[in-house]
1. What residue, of 142, 174, is closer than 25 Å to residue 12 by Cα, of a type outside the set (A, V, I, L, M, F, W, C) and exposed (fewer than 12 other Cβ atoms within 10 Å of the Cβ)?
2. Would you mention how many residues in segment 243-265 are charged (D, E, K, R) and either at pLDDT below 55 or assigned to a strand (DSSP E or B) (or both)?
3. Scan 46, 81, 87 and give me the residue that is assigned to a helix (DSSP H, G or I) and under 49 Å from the mean Cα position of the chain (by Cα).
4. Report, by residue number, each residue of segment 212-228 that is surrounded by fewer than 18 Cβ atoms within 10 Å (Cβ to Cβ) and in contact with a strand residue (DSSP E or B) (Cβ under 9 Å, 6 or more places away or on another chain).
5. For residues that are outside any strand (DSSP E or B) and in contact (Cβ under 8 Å) with a residue 60 or more places away in the chain, scanning just segment 201-217, find the one that is farthest from the chain's Cα centre (by Cα).
6. For the condition exposed (fewer than 15 other Cβ atoms within 10 Å of the Cβ), farther than 30 Å from residue 50 by Cα and not hydroxyl-bearing (Ser, Thr, Tyr), what is the one hit in 95, 131?
7. Being without any contact (Cβ under 8 Å) to a residue 40 or more places away in the chain, in contact with a helix residue (DSSP H, G or I) (Cβ under 8 Å, 6 or more places away or on another chain) and in a helix (DSSP H, G or I) is true for just one of 172, 227, 188. Which residue is that?
Amino acid sequence: MSHNKKQETAVTVVDKLRVLYHLQLIDSRMDEIRQFRINIPMEIKSLEEELDKMKKKLERFYEDIFSIKENINKQNKNIKSSEMLISKYEEQKDHIKNHKELYSLDKEIDYQKLEIQLSKKKIKELNLQIHKKEEILKKKEEILENKKEHLFHKKKELNNILVENEKEEQILLEKSSCFSKKVDNDLLKTYQKIRNGVKNGIAIAPVQRGAPLGSYLAITPQKYSELIQRNKLLIDEHSGRILIDAELAEEEKKKSFVFCHKKKL
């Protein structure tokens, strides 16, 4: 009779662990969905900020090109001004007989011709600058368009995932409620208290290589021996999590995967 009672207790503990770990898998998936929902605005904001930075850089390129073109116009005006002066001086030469004044006019004409050459040289250099900047600008505009397209598709993709996640979350909520009812109130409260007290929401920790998942502190050989016997619920003294052996955890993971796969189909 004692043996039968022990066996019944062992089955009860295993059942509790199965239900708790399955509940943990469901709640962890819901945590992922909710965290994803929180991260979306940040991801979109990051992409939009990147686009804004690129637009500002392009604006500076447009301003630079406009400024260079303004400089070219200025040089063209200088050329016209010099040509007018040359024409004027040439006319004056026809009416001057004084050698000294003629020499002075020739000097002015030569000076204006040099000014024209200098302006033309500057225009050539400025046009070269424009050409280089426009080549870079063209590439940057293509990158910007690709980024815009990427943002558009990313928003669409994330929206589709959100819709799918909402459907999945509803299914998971129903399953979570169902599994919660299979756990007695005190144990459920303990489970929820542990979940609320840890950063990652993991209240049931599989023991792998002698240590609970996510912990570097190994449990004692005695506790590990008790764990694999599955005769009672064990709490990790360091993290406060309920422990489950890796084999049993893997069994519930496979069941959970099959369930999710069927629901998606």
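The values are calculated or read from the model by the stated rules, or taken from the named source; none is laboratory data. No experiment lies behind these values; they were computed from the predicted model shown. Using ideal geometry, Cβ is built from the backbone for each residue, glycine included, and neighbour counts are taken over all protein chains shown.
1. Answer to the check: 174.
2. Here is the first cut: in segment 243-265, the residues charged (D, E, K, R) are 245, 247, 250-255, 262-264.
Cutting the leftovers down to either at pLDDT below 55 or assigned to a strand (DSSP E or B) (or both) gives us 245, 262-264.
Selection size over segment 243-265: 4.
3. One residue alone meets the criteria, 46.
4. Within segment 212-228, 214, 215, 217, 218, 223, 224, 226, 228 qualify.
5. Keep residues of segment 201-217 that are outside any strand (DSSP E or B), which gives 201-203, 209-210, 213-217.
Pick out the ones that are also in contact (Cβ under 8 Å) with a residue 60 or more places away in the chain and you get 201-203.
Working: 201: 24, 202: 26, 203: 29 Å.
If we take residues in segment 201-217 being outside any strand (DSSP E or B) and in contact (Cβ under 8 Å) with a residue 60 or more places away in the chain, then 203 is farthest from the chain's Cα centre (by Cα).
6. 95
7. Just one listed residue meets the conditions, 188.
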